[in-house]
Amino acid sequence: MFLSFTVGDVTVHRIVEQVVPFSAPRDFLPDLTEDLLEANRAWMEPTDLDPVTGKLILCIQSYLLRTPHHTILIDTCVGNDKNNPRFPAWNHRQDETWLANLAAAGTRPEDIDYVMCTHMHVDHVGWNTRLQNGHWVPTFPKARYVFAEREYAHWNAAHAAQPIPVYAESVLPVIEAGRADMVSDTHALGDHLRLTPTPGHTPGHVAVELGRGRTEAVFTGDLIHTRLQARYPELNMRADANPAQAAATRRAFLERHCDTDTLCCTSHFPTPSTMRVKRWGEGFKCEMVEK
């Protein structure tokens, strides 16, 4: 499996938690019609669409970056022991795959300097914390956790109105431990990384750009989940908080990076998960790249 590559003087590792047939396409993309699905089935199978189950194949993963100065983790997947009743396969999960893959990349939790979360959904903050003697503690004891303040404000207010397990288990313990930095959605980390606002999927969703002086790679988070959404950028997925904004953000992102050398590193595309954007009629094509 394609797991590591370099961008300039930065080494990037994919830390994969799972790759599975995840959801029926029309459940995952509510506005997708059967005719549209059939028109694209030929290029989607078998890499993006499992011909046996008929489900979209999605990857759950983090990106580990080693810059000349820091070791940085972008997003932290599902994690163990978390309460996820909406997703039975993730509910009170007991699986050491992610930690084993982190170790295989030559990294221990205590080696991480920064954790950057694109947003606060369950499959992007799970390993922020681990259960220790009945209490949630930061998994990465020396790291600063970088949260976009707009994203934090949204979930903090929502949790105050009605308790949200993912926030209570994977975000709040980090804040209470004094490990969190609330930053603007254009925050820069050294001369290699910077956030860029990509709202819609969640109110404060951000992507992470990599490159000194220019954007050589970008980590998309959940602004796009499947290559079918590149072909049809207005095709939203079921968890988009603001569908119209999510669609506009996705099209603007694809337009910006279309026909450039920018390497787009996605959260959920199947292996190799990295791609470059090309024009395809009124939409776009994601050409997968093993860099």
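Per-residue ellipticity at 222 nm for the chain, helices alone: DSSP H runs ≥ 4 residues times -39500 (n - 2.57), over residue total, nearest 500 deg cm²/dmol? Let's see the in-between values first.
On the way: 9 runs with 70 residues, N = 291.
Only helices count here, giving -6500 deg cm²/dmol.
Treating r as the C-beta distance of Glu45 and Asp261 and R0 as 30 Å, the FRET efficiency rounds to 0.55.
Order 219-232, 87-100 from most to least packed using the mean count of other Cβ atoms within 10 Å.
On the way: 219-232: 24.5, 87-100: 13.9.
The most tightly packed comes first, giving 219-232, 87-100.
Counting only DSSP beta bridges with both residues in the range 4-288, the antiparallel share comes to about 75 percent.
Can you order the peptides 170-177, 114-121, 5-12, 74-81 by their average number of other Cβ atoms within 10 Å per residue, highest first? Before the final figure, lay out the partial values.
Working: 170-177: 19.6, 114-121: 25.0, 5-12: 16.4, 74-81: 23.1.
My ranking of the peptides, most packed first, is 114-121, 74-81, 170-177, 5-12.
You can think of it this way: the chain between Met182 and Ala157 has 7.5 nm of extra reach, that is 0.36 nm per residue less the Cα-Cα gap.
So if we plug the beta-carbon distance of Asp35 and Arg238 into 1/(1 + (r/R0)^6) with R0 = 25 Å, what FRET efficiency do we get, rounded to 0.05? Intermediate results must be reported in sequence, preceding the final value.
Values: r = 20 Å, r/R0 = 0.79.
After rounding, the FRET efficiency stands at 0.80.
With a ≥ b ≥ c taken as the square roots of the eigenvalues of the C-alpha gyration tensor of the range 212-279, please select rounded if a/c is under 1.5 and otherwise prolate if a/b is larger than b/c or oblate if it is not? Could the numbers behind the result be given before it?
Details: a/c = 1.74, a/b = 1.48, b/c = 1.18.
The shape class here is prolate.
What is the range 136-209 by shape, rounded, prolate or oblate, if you read a ≥ b ≥ c off the alpha carbon gyration tensor as root eigenvalues and call it rounded for a/c under 1.5, prolate for a/b larger than b/c, and oblate otherwise? Taking the square roots of the gyration eigenvalues as a ≥ b ≥ c, the range 136-209 is oblate.
Between Arg214 and Ala103, the C-beta separation translates, for a Förster distance of 35 Å, into a calculated FRET efficiency of about 0.60.
Express as a percent, rounded to the nearest 5, the fraction of DSSP beta bridges in the range 63-188 (both residues included) that run antiparallel.
On the way: 8 of 18 bridges.
Of all bridge pairs located within the range 63-188, approximately 45 percent are antiparallel.
All of the numbers you see were taken from the coordinates with simple rules; none came from a lab. Keep in mind that what you see is a predicted model, and the values were worked out from it rather than measured. As a convention, Cβ positions derive from the backbone with ideal geometry for all residues, glycine included, and neighbour counts pool all protein chains shown.
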